[in-house]
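To start, the structure itself, in structure tokens.
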Amino acid sequence: MKYDEQTAQTFNDLITCNPRIMSGTPVFKNTRVPIKNLIDYLEAGDSLDEFLEDFPSVSRTQAMQTLELAKEMLLTQAYAYSDC
């Protein structure tokens, strides 16, 4: 799977995967908050505001851009594996 340069740059601006930070778990850049935490909150029915309240080191912009990136990546995969 290959993404355009802009998507790759957006990913690098938002997410860090470093073995020295949370054992390589993907986290919001400049935090120790795993991306998975945001998804878990939303899956549990919690609001974005609740997530941001519990993880104040993550900005609303970071969270929203990460969700947009996830949407873009999911749609890219859906088109790649469908007859559309």
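Go ahead and estimate [θ] at 222 nm for the chain from helices alone: -39,500 (n - 2.57) per DSSP H run with n ≥ 4, summed, over the residue count, rounded to 500.
That comes out to -17500 deg cm²/dmol.
Against the longest principal axis of the chain, how steep is helix 5-14, in degrees 0 to 90 to the nearest 10, with axes from Cα atoms?
10
About its Cα centre, what dipole magnitude does the stretch 5-83 give when the only charges are +1 on Lys and Arg Cβ and -1 on Asp and Glu Cβ, stated in debye to the nearest 20?
420
Helix 60-80 versus the longest principal axis of the chain: what is the Cα-based angle in degrees, 0 to 90, to the nearest 10?
In the chain, helix 60-80 runs at an angle near 30 degrees to the longest axis.
Just to confirm, what accessible area per residue do you get for the stretch 16-84 at 1.4 Å probe, in whole Å²?
Computed with neighbouring chains in place, this is 69 Å² per residue.
If each of R60 and C17 carries a label point 7 Å out from its Cα toward its Cβ, how far apart are those two points in nm?
3.0
Tell me, what is the FRET efficiency for L42 and T7 to the nearest 0.05, using R0 = 22 angstrom and their Cβ-Cβ distance as r?
0.55
The values are calculated or read from the model by the stated rules, or taken from the named source; none is laboratory data. In this text, all values refer to a predicted model and were calculated from it rather than measured experimentally. Using ideal geometry, Cβ is built from the backbone for each residue, glycine included, and neighbour counts are taken over all protein chains shown. Calculation scope for accessible area: heavy atoms of the full protein, side chains included, ligands and nucleic acids excluded. Shrake-Rupley method; radii C 1.70, N 1.55, O 1.52, S 1.80 Å.
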